[in-house]
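Step one of this worksheet: look at the structure below.
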Amino acid sequence: QVQFMESGGGLVQTGGSLRLSCVVSGATFSLNDIGWYRQPPGKRREWVARISQGGSPLHDVSVKGRFTISRDNAKNTAYLQMNRLKPEDTAVYYCNTIPNHQPWGQGTRVTVTS
């Protein structure tokens, strides 16, 4: 079974930075596109960024220029570098394979204070 272990969240002030990590087990990581998603308080889960098997990134317009997705196939890990954080980035962040989603992990909580 594919499992996701997200980490790196925390409490940060507006303008700060965090780096999230997603360790994937139970799948051939290098053969999967990986996506980062987030669920703000009281809202639905939304897509944030994705990275292809070959390392091509794509970011939602709301985070483009501030967030950067990357991957390390040797470590079965995807990353989300988040800079210039805003209060509206407050959410629980998740990763998953794309396009076929597996059961979601616990996520990692990011709280941005103003």
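What pairs come out if I take residues in the range 70-94 that are of a type in the set (Phe, Trp, Tyr) and pair them with residues that are open to solvent by less than 50 Å² (accessible area, probe 1.4 Å) and assigned to a strand (DSSP E or B) whose C-beta lies under 6 Å away, six or more apart or interchain? These pairs meet every condition: 79/21; 79/70; 93/20; 93/38; 93/108; 93/110; 94/37.
Looking at 78, 91, 49, just one residue is under 12 Å from the mean Cα position of the chain (by Cα) and closer than 19 Å to residue 3 by Cβ, and that residue is 78.
Looking only at residues of the range 14-55 that are hydroxyl-bearing (Ser, Thr, Tyr) and in contact (Cβ under 8 Å) with a residue 40 or more places away in the chain, we find that the one that is farthest from residue 110 (Cα to Cα) is 30. Looking at the range 45-65, which of its residues are part of a strand (DSSP E or B) and aliphatic (A, V, I, L, M)? Within the range 45-65, 48, 49, 51, 58 meet the criteria.
Quickly run through the range 1-44 and pick out the residues that are assigned to a loop (DSSP other than H, G, I, E, B) and at pLDDT 95 or above. Hits for the range 1-44 are 8, 9, 14, 15, 16, 17, 40, 41, 42, 43, 44. So, of the residues in the range 31-50 that are within 12 Å of residue 97 (Cβ to Cβ) and not charged (D, E, K, R), which turns out to be most open to solvent (accessible area, probe 1.4 Å)? Taking the candidates together, the pick is 31. The set of residues in the range 55-114 being within 17 Å of residue 30 (Cβ to Cβ) and touching a Lys or Arg at 6+ places or on another chain (Cβ under 8 Å) consists of 55, 57, 69, 77, 78, 79, 98.
The values are calculated or read from the model by the stated rules, or taken from the named source; none is laboratory data. Remember, it's a predicted structure, so these values are computed and weren't measured experimentally. Counting neighbours? That spans all protein chains shown, and the Cβs are built from the backbone with ideal geometry, glycine included. Heads up: the accessible areas ignore ligands, DNA and RNA and are worked out on the full protein's heavy atoms, side chains in. Shrake-Rupley method; radii C 1.70, N 1.55, O 1.52, S 1.80 Å.
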